[in-house]
Amino acid sequence: MGSLPESEPQSSHGKPPGIRFIEYIKQSKLSYKTHQVIVLIVTFLAYTSYHAARKTTSVVKSTLDPQSSPSELGLKFFSWRVIYRDETAIGGGLSWKLGDGWFPFNRPDGTSLLGELDVAFLSVYALGMYFSGHLGDRMNLRIFLTVGMIGTGVFTSLFGVGYWANVHNFYYYLIAQMLAGLFQSTGWPSVVAVVGNWCGKKKRGLIMGIWNAHTSVGNITGSLVAAALLRYGWGWSFVAPGLLIAFIGIVVFLLLPVSPESVGADKNEDEMSSPRKPGEETREPLLNSGTELKEEAVGFLEAWKIPGVASFALCLFFAKLVAYTFLYWLPFYISHTAIEGKYLSSETAGNLSTLFDVGGVVGGILAGHISDRLDARAITAASFMYCAIPALFFYRSYGQLSLTMNIALMFITGMFVNGPYALITTAVSADLGTHSSLKGNSRALATVTAIIDGTGSVGAAIGPLLTGYISSKSWSAVFTMLMGAALIAGLLLTQLVVAEVAAKISESRSQERLTTRSSELNV
C-alpha cells in the first residue's frame, strides 16, 4: 500500500475546543491525569455508542423475520403470525404491527437475507478497517473519529427510516448497512490509538480490560433500547442509537485530546508514577518527548512483520467469528428456542441476551488482569479460548432446561468468549503497536490495531453469514462450528504460548541461580 503524504505533527492540531473552554473557566492548565481521565471516559462513551448502534440489528431480526421456515426450525408450536406482501396494495405496501414481520425478511428465505445483511456490514467493516488504520496514523484522530461517528449515525438511522417510508426493497437495507459498516470501521483503530497514546504498558491489560467493557455496555444498551422501542415501530430501534452515536461524535470533537503533545500535557508526573525498567524505553514510544524528530507512519506490510501480529490477527479471526455470531444471532436463537417448553418474545429475548455481554465484561477484566499478573498475553488468550469450548457445548445442551440454567450458562459462555477477544483487541494491539522492533516509532498503533481487528472482522463477517444458512437446518451444527472455531483460535497461539512458557522457565531458573548464589555468599 502506497504511502500518503505525511501530515503535520499532532501538536499542530491544537487543543480541542472543549479543553480550551475548561481551561479558560479554571484559569489553569489541566493536569496529565485529568487528560487521561477525559480520554478514557470519552473513548469509552464513543465505542459504547458504536456497539449500541451495531447491536440493534440482532434484536430487530426476530421482528423482521418472526417465523423463518417453522418446519425446518422445529417451531411447531410457535405462535407468530406472518404477513406476506400484498402485491395488490397501493405501492405494494402493507400495514405493520408487532408480530407481522417485514417484507422481504418475512419470506421463507428471510433468515438467509438477514445473514446477508450481516456479512455485507462486516465485510465492508473489515475492509474499511485496513484503510482506516492506514489513514488514522496519518490524520488528526479526533476529526477522523468524529466523521466516522456522525456517518455511522446517519446510515444507522436511514435503515430505520425504511419503516416510516414503507421501504420493502432489500437493496435499500443492504446499502444502508454497507455504508454504516464503512463509517464504523473508523472507530476501533482510532480509540485504541488514542488510549495507547495516553497509557503506558504498566497495568495496560487491567486498565484496558476495564475500559473494554464499553463493548459489552454498548451491546447491553443497544439491546435494551432496541427492545424497548420495538412496540412503537422497529424504525425507532435504529434511529435512537443512530442519534446517540452522532451526538457523542460531537462530544468527541469538542473534548478528545489525541495525544499529550497535542495539548502540551506534562508527562513527567506519569513517568514518575510508573518507572521504566532498564531497556524498556523503546517499548513506550508513545510517551516520549514531543521534541523528537518527526516520524514516518509504519507501512501496512511492515506492520504485518512485527513479531506476534500475524498470530494474534489470525487468532482473532476465529475468536470474533464466535463472538459476533452471538452478537448478531443470540436474541434470534433465544426467541426461536423453547426454554422450559415456552418461546420468549423478541423483546424478552433481546433483554435476556444482555447477560452474555455482562459475562463479557467480567471476562475482559479477568483476562486483562491475569495477563498482567502473568505477563503472558498468549497463554491467557489461548486458555480462555479452550475454556470456551465446553462452555458452548453446555449452553447448547442444557440452556433450554430452565431459565436459570440458561442465564448461568450464557453468562459463563460470554465470559470465556469475550475475554480473549477483549484482550487481543486492546492490550495486545497496544503492546504490538509499541513493539521494540519499531525502534521508538510511535506511529504504528492505529495500523497494527486495524490489521489485528480488521482480520478478526473478516471472521466476524463469515460467522453470522454461515449461521444464517446453517441455523435453518440445525442450531446444533451452528454450535459445532463455533466450538471448532474456538479450538482453532487457541491452536493458532501455540507458538507464542510455547515461547512464553519457555521464557517463564528460563526466568525461573535464573531466579533460582541468583538465590543459590546469594545463599552461598551468605554462608
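The values are calculated or read from the model by the stated rules, or taken from the named source; none is laboratory data. None of the values given here were measured: they were computed from a predicted structure. No Cβ is skipped: glycine too gets one built from the backbone with ideal geometry, and neighbour counts run over all protein chains shown. In case anyone asks, the SASA skips ligands and DNA or RNA and just uses the protein heavy atoms, side chains included. Shrake-Rupley method; radii C 1.70, N 1.55, O 1.52, S 1.80 Å.
Per the listing 181, 222, 218, the residue uniquely buried (at least 24 other Cβ atoms within 10 Å of the Cβ), out of contact with any Phe, Trp or Tyr (no Cβ under 7 Å at 6 or more places or on another chain) and not hydrophobic (A, V, I, L, M, F, W, C) is 222.
Consider residue 416 carefully, then state whether it is in contact with a Phe, Trp or Tyr (Cβ under 8 Å, 6 or more places away or on another chain), open to solvent by 50 Å² or more (accessible area, probe 1.4 Å) and within 17 Å of residue 215 (Cα to Cα).
no
The single condition from (1) buried (at least 20 other Cβ atoms within 10 Å of the Cβ); (2) over 23 Å from residue 117 (Cβ atoms) that residue 401 fails is (1). In segment 361-383, of all residues being farther than 26 Å from residue 218 by Cα and open to solvent by less than 10 Å² (accessible area, probe 1.4 Å), the one that is farthest from the chain's Cα centre (by Cα) corresponds to 376. Of all the listed residues (198, 164), the sole one being surrounded by fewer than 19 Cβ atoms within 10 Å (Cβ to Cβ), touching a residue at least 12 places away in the same chain (Cβ under 8 Å) and at negative phi is 164. All of (1) part of a helix (DSSP H, G or I); (2) open to solvent by less than 50 Å² (accessible area, probe 1.4 Å); (3) of a type outside the set (A, V, I, L, M, F, W, C); (4) more than 16 Å from residue 423 (Cα to Cα) hold for residue 347 with one exception: (2).
Here is a yes/no grid of residues against (1) open to solvent by 50 Å² or more (accessible area, probe 1.4 Å); (2) within 14 Å of residue 376 (Cα to Cα):
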site	(1), (2)
480	yes, no
486	no, no
492	yes, no
505	yes, yes
512	yes, no
516	yes, no
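I'd like to know if segment 446-463 contains one or more residues that are in contact with a Pro (Cβ under 8 Å, 6 or more places away or on another chain), assigned to a helix (DSSP H, G or I), over 20 Å from residue 322 (Cα atoms) and modelled with pLDDT under 85. Checked against the condition, which is being in contact with a Pro (Cβ under 8 Å, 6 or more places away or on another chain), assigned to a helix (DSSP H, G or I), over 20 Å from residue 322 (Cα atoms) and modelled with pLDDT under 85, segment 446-463 yields at least one hit. Kindly establish whether residue 240 is at pLDDT 80 or above, in contact with a Leu (Cβ under 8 Å, 6 or more places away or on another chain), under 29 Å from residue 101 (Cα atoms) and of a type in the set (A, V, I, L, M). Answer is yes for this residue.
Considered as a group, the residues in segment 469-482 that are small (Gly, Ala, Ser) and out of contact with any Phe, Trp or Tyr (no Cβ under 8 Å at 6 or more places or on another chain) include one that is modelled with the lowest pLDDT, and that residue is 472.
Residues that are touching a helix residue (DSSP H, G or I) at 6+ places or on another chain (Cβ under 9 Å) and either in a helix (DSSP H, G or I) or open to solvent by less than 10 Å² (accessible area, probe 1.4 Å) (or both) within segment 167-178 comprise 170, 172, 173, 174, 175, 176, 177, 178, listed in sequence order.
Could you check segment 307-320 and list, in sequence order, the residues that are open to solvent by 10 Å² or more (accessible area, probe 1.4 Å) and in contact (Cβ under 8 Å) with a residue 12 or more places away in the chain?
Scanning segment 307-320 gives 307, 308, 311, 312, 314, 317, 318.
Would you mind finding the one in 148, 153, 187, 136 that is at pLDDT below 85 and crowded, with 24+ Cβ neighbours inside 10 Å? That would be 136, the only listed residue that is at pLDDT below 85 and crowded, with 24+ Cβ neighbours inside 10 Å. If you go through segment 119-146 and keep only what is assigned to a helix (DSSP H, G or I) and out of contact with any Ser or Thr (no Cβ under 7 Å at 6 or more places or on another chain), you end up with 119, 120, 121, 123, 124, 127, 130, 131, 135, 142, 143, 146. Within segment 416-437, is there a residue that is part of a helix (DSSP H, G or I), modelled with pLDDT of 85 or more and either touching a strand residue (DSSP E or B) at 6+ places or on another chain (Cβ under 9 Å) or small (Gly, Ala, Ser) (or both)? Checking segment 416-437: at least one residue is part of a helix (DSSP H, G or I), modelled with pLDDT of 85 or more and either touching a strand residue (DSSP E or B) at 6+ places or on another chain (Cβ under 9 Å) or small (Gly, Ala, Ser) (or both). Pairs are defined by a Cβ separation below 6 Å, a sequence spacing of at least 6 or placement on different chains, a first member in segment 118-142 that is of a type in the set (Phe, Trp, Tyr), and a second member that is part of a helix (DSSP H, G or I) and modelled with pLDDT of 85 or more; the pairs so defined are 121/177; 121/181; 125/181; 125/184.
The set of residues in segment 116-131 being farther than 20 Å from residue 172 by Cα and open to solvent by 30 Å² or more (accessible area, probe 1.4 Å) consists of 127, 130, 131.
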